[in-house]
Amino acid sequence: MKKNILCVNPWIYDFAAYDYWSKPLGLLHIAGLFLKNGHNVYLIDCLDPLNPQMVEAKKKSPKRYPYGHGKFFKEKIPKPEVLQFFPRDYYRYGMTPKVFYDYLKGIPQPHIIFVTSLMTYWYPGVFATIAILKEVFPNVPLVLGGNYVTLCPDHAKKSQADFLIQGEGEGRVALLWEQLWGEKLDFLPEESNLDSYPYGAFGLYPTVDHIPLLTSRGCPFRCIYCASPNLNSHFRRRSSKSVLEEILFWYKNTRVVNFSFYDDAFLIKPEEMALPLLTELIRLHLPLNFHCPNGLHLREITDEIAFLLYRAGFKTLRFGFETADVRRQQEMGGKVTSGDLERAAKLLKKAGYQGNDIGVYLLCGLPGQDASEVYESIQFVKACGARPILAEYSPIPGTALWEKACLYSPYPLAEEPLFHNNTLLPCLSDTFTYEHYRALKRLTKIQN
């Protein structure tokens, strides 16, 4: 029997948030699974910056840029009690509650509701979203999944959700479906074959100005600060043919020209993915722009890869470098060296990129980190002719660095996820203060 499925991407409650080509990919893949099974699927993305009702209510959209990134709608709200000490305004990002209620009133009664979550410290927006859903649909089973649930499952029990799903959702959702309705889904993708998975349900949006893609799930690396091994059990990858077909599908059906890759390992084993995909994109010569905000691997940049990235239309390049400190590079897993950055920057410039195109992430505010380490790292990136970008460290439960973060932080990280917020610099100390951070931030904006 065909059922009504409601999928909801909740509000963000935070001091700051920006749309770097973000969409709720996990939720959209669950929506795609149910569409593939012939059910009626309704999507409410509370963060959608192009939402027509919000544009009509506000008389304009948030500021957007030609490459498909930009600001969210936002409204100032009271700070949570435990964050009253922090001298920044706090916001609800996304549609107004009134517009949310209007959407809920305009859809058929759902048989089940799926809500996703991302950052652990964004849970107040998740809780507020669920509270309204429970008010409007009190007897409808509500399922909460996503990163927050996976990383903070005990805390997520406070959410009012009826069911919690940790990790990748498709298989667990199928089991829950059978438990609730006594029937199996007609179609379920093969877990080991990502090519068998339906596309994310971007067609449920009234309009989109970009589409994010995943060419793989998981990561072959085990960086001590990263949650990827906790979110995905192992690394597996789509075929380059499948990824190209999806790009062409969305270009044909939506005319979107901006695509982003949110993979942890897009360039790893380039003969499997990057080389064939880039070669085909160049051959097709379509007016497309590609963006990599998640951090590519410097070590994989060769003369050929740099040339192909440039020719294929990869406009936004971000690389994970983290630090120029050799000792810390080894502590973090040794996946990149300072020599890798020097070499990659030269090859990318040779291919046609300008220094400002080559964004290099530097972690700051790590447990026990001295501000001088970040200063020297910024100077090194600049000396390589690239653009340093500070990535404020956020402690993540279950990572190898978590226990050390709890030890160094002045906040009770294990008790309250709000203190994971990187805006707070949760592991600040006498050797890395907010004053240090502001000075370092200014330094990244000063060009040589």
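Only the coordinates and a few stated rules stand behind these numbers; no lab work does. Quick caveat: nothing in here was measured; it's all calculated off a predicted structure. Counting neighbours? That spans all protein chains shown, and the Cβs are built from the backbone with ideal geometry, glycine included.
Details
- Spatially near lysine pairs across the range 294-448, Cα under 26 Å, sequence gap of 8 or more or different chains: 24
- Rounded FRET efficiency, nearest 0.05, which uses the C-beta distance separating Ala383 from Glu183 and R0 of 51 Å: 0.25
- Gaussian network model of the chain, springs between alpha carbon atoms under 10 Å - residue of Gly167, Gly320, Gly334 with greatest fluctuation: Gly334
- Shown for Arg438, Arg299, Arg238: other C-beta atoms within 10 Å of each C-beta, ranked fewest to most, produce the order Arg438, Arg299, Arg238.
- Lysines whose Cα lies under 17 Å from that of Lys184, excluding same-chain neighbours fewer than 8 positions away: Lys2, Lys3, Lys36
- Chain lengthening between Asn230 and Gln84 when straightened (0.36 nm per residue, less Cα-Cα): 49.4 nm
- The label point for Glu56 and the one for Arg327, both projected 7 Å from the Cα toward the Cβ, are 6.2 nm apart.
- Extension gain for Leu443-Thr431 works out to 2.6 nm (0.36 nm per residue, less the C-alpha to C-alpha distance).
- Residue among Ile358, Ile44, Ile282 with the largest mean-square fluctuation in a Gaussian network model of the chain, springs linking Cα atoms under 10 Å: Ile282
- Our estimate of slack between Ile77 and Asn193, defined as 0.36 nm per intervening residue step minus the Cα-Cα distance, is 37.4 nm.
- Summarising the amide proton neighbourhood of Phe114: residues at separation of 5 or more, or on other chains, whose placed amide H is nearer than 5 Å comprise Leu6, Cys7, Val8, Val143.
- Under the Karplus curve 6.51 cos²θ - 1.76 cosθ + 1.60, θ = phi - 60°, whole-Hz ³J(HN,Hα) for the range 193-209, x wherever Gly or Pro sits: 10, 5, 5, 7, 7, x, 5, x, 7, 5, x, 7, 7, x, 7, 9, 10
- The Cα-based radius of gyration and maximum Cα-Cα distance (Dmax) for the range 67-173 are 15.1, 44 Å.
- Remark: relative contact order (the range 350-406) = 42 percent; criterion is Cα-Cα distance under 8 angstrom and separation of 6 or more residues.
- Likely footprinting exposure, Ile12, Ile268, fewest C-beta neighbours within 10 Å first: Ile268, Ile12
- Residue-wise HN-Hα couplings along the range 264-273, as the Karplus relation 6.51 cos²θ - 1.76 cosθ + 1.60 with θ = phi - 60° gives them from phi, are 7, 8, 4, 8, 5, 6, x, 5, 7, 10 Hz; Gly and Pro carry x.
- Derived scalar couplings ³J(HN,Hα) [the range 168-182; Karplus, 6.51 cos²θ - 1.76 cosθ + 1.60; whole Hz; x for Gly, Pro]: 4, x, 4, x, 5, 5, 5, 5, 5, 4, 5, 5, 7, 10, x
- Put a dot 7 Å past the Cα of Asp357, heading toward its Cβ, do the same for Glu135, and the two dots end up 5.0 nm apart.
- The equivalent ellipsoid that matches the C-alpha gyration tensor of the range 210-445 spans semi-axes of 32, 21, 16 angstrom, in descending order.
- Between the range 225-267 and the range 1-72, the alpha-carbon center distance in angstrom: 18 Å
- For a label point 7 Å along the Cα-to-beta-carbon line of Arg255, residues of the range 55-82 with backbone N under 20 Å: 61, 64-69
- Loop-resident GluC sites (Glu not before Pro) (DSSP state other than H, G, I, E or B) in the range 367-448 with no more than 16 further Cβ atoms inside 10 Å of their Cβ: Glu415.
- Cα-based reach from Lys60 at 20 Å (exclusive), listing lysines while leaving out same-chain residues under 8 positions away: Lys71, Lys74, Lys76, Lys98
- Loop-located trypsin sites (Lys or Arg not before Pro) in the range 69-160 (DSSP state other than H, G, I, E, B) with a sparse environment of at most 12 neighbouring Cβ atoms within 10 Å: Arg88.
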